[in-house]
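S.K.: One structure follows; several queries about it will come next.
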Amino acid sequence: MDLKSKKWLKLLAILLICLQILDFVYTYIGITHFGVDAEGNPLIQYLVSRLGVIIGLGFPKVLGISIVIYIYRSLLEAVKLNRYILSLLVFVTLIYVIGMLEWTYVLAILGIL
């Protein structure tokens, strides 16, 4: 893998990790202000209702960050960058960006941010 590809992969991994953390913060704010129903994911709703907000949100985020780090390290060791996996990472990043923009808008309109 060339140096340019490694830099883009690192940037993408860092962005995904930052988005995971931002998603935790925004979801925490949403749940504490509006209740567990503010979370759209039924699995996260279940975890939060059973384990509490911090652990119920934190566990999936730590898992997500761990997966990003694992994929990043695996791709660094690869001789050639797998374009399909990279495309999937870009797609997931874009989904997170859209979600964070939506939460930012909603929380800003409500005067919470």
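Nothing in this text is a laboratory measurement; each read-out follows from the coordinates by a stated rule. Since the structure is predicted, the reported quantities are computational estimates derived from the model, not experimental observations. We place every Cβ from the backbone using ideal geometry, glycine too, and count neighbours over all the protein chains shown.
S.K.: Would you calculate, for the chain, the mean residue ellipticity at 222 nm contributed by helices, counting each DSSP H stretch of 4 or more residues as -39,500 (n - 2.57) and dividing by all residues, to the nearest 500?
M.R.: Rounded to the nearest 500, it is -29500 deg cm²/dmol.
S.K.: Among TYR28, TYR96, ALA78, pick out the residue whose Cα is farthest towards the positive end of the charge dipole of the chain, where Lys and Arg carry +1 and Asp and Glu carry -1 on C-beta, about the Cα centre.
M.R.: ALA78
S.K.: If packing is taken as the average number of other Cβ atoms within 10 Å across a peptide's residues, how do 2-8, 28-34, 99-105 rank, most packed first? Intermediate values should be presented prior to the final figure.
M.R.: Details: 2-8: 10.7, 28-34: 15.4, 99-105: 13.9.
Highest mean packing first, the order is 28-34, 99-105, 2-8.
S.K.: Defining a contact as two alpha carbons under 8 Å apart and six or more residues distant in sequence, what relative contact order in percent does the chain show? All intermediate terms of the calculation are to be shown ahead of the outcome.
M.R.: Numbers: 76 pairs, mean separation 41.6, N = 113.
Relative contact order comes out at 37 percent.
S.K.: Give a residue-ordered list of calculated ³J(HN,Hα) values for the range 38-50 (Karplus: 6.51 cos²θ - 1.76 cosθ + 1.60, θ = phi - 60°; whole Hz; x for Gly, Pro).
M.R.: So the J values, rounded to whole Hz, are 5, 7, x, 8, x, 5, 5, 4, 4, 4, 5, 5, 8.
S.K.: Can you compute the charge dipole magnitude of the chain about its Cα centre, using +1 on each Lys and Arg Cβ and -1 on each Asp and Glu Cβ, nothing else charged? Give it in debye, rounded to the nearest 20.
M.R.: 580 debye
S.K.: Using every alpha carbon pair in the chain, what percent of pairs falls into each 10 Å bin from 0 up to the bin containing the largest distance?
M.R.: 13, 40, 28, 15, 4
S.K.: Which whole-Hz ³J(HN,Hα) couplings does the range 101-109 yield from phi under the Karplus relation 6.51 cos²θ - 1.76 cosθ + 1.60, θ = phi - 60°, glycine and proline marked x?
M.R.: So the J values, rounded to whole Hz, are 5, 4, 4, 4, 4, 4, 5, 5, 4.
S.K.: A follow-up question, please. How long, wide and thick is the range 61-113, going by the Cα atoms along their three principal axes, in whole angstroms, largest first?
M.R.: Rounded to whole Å, the extents work out to 49, 21, 11 Å.
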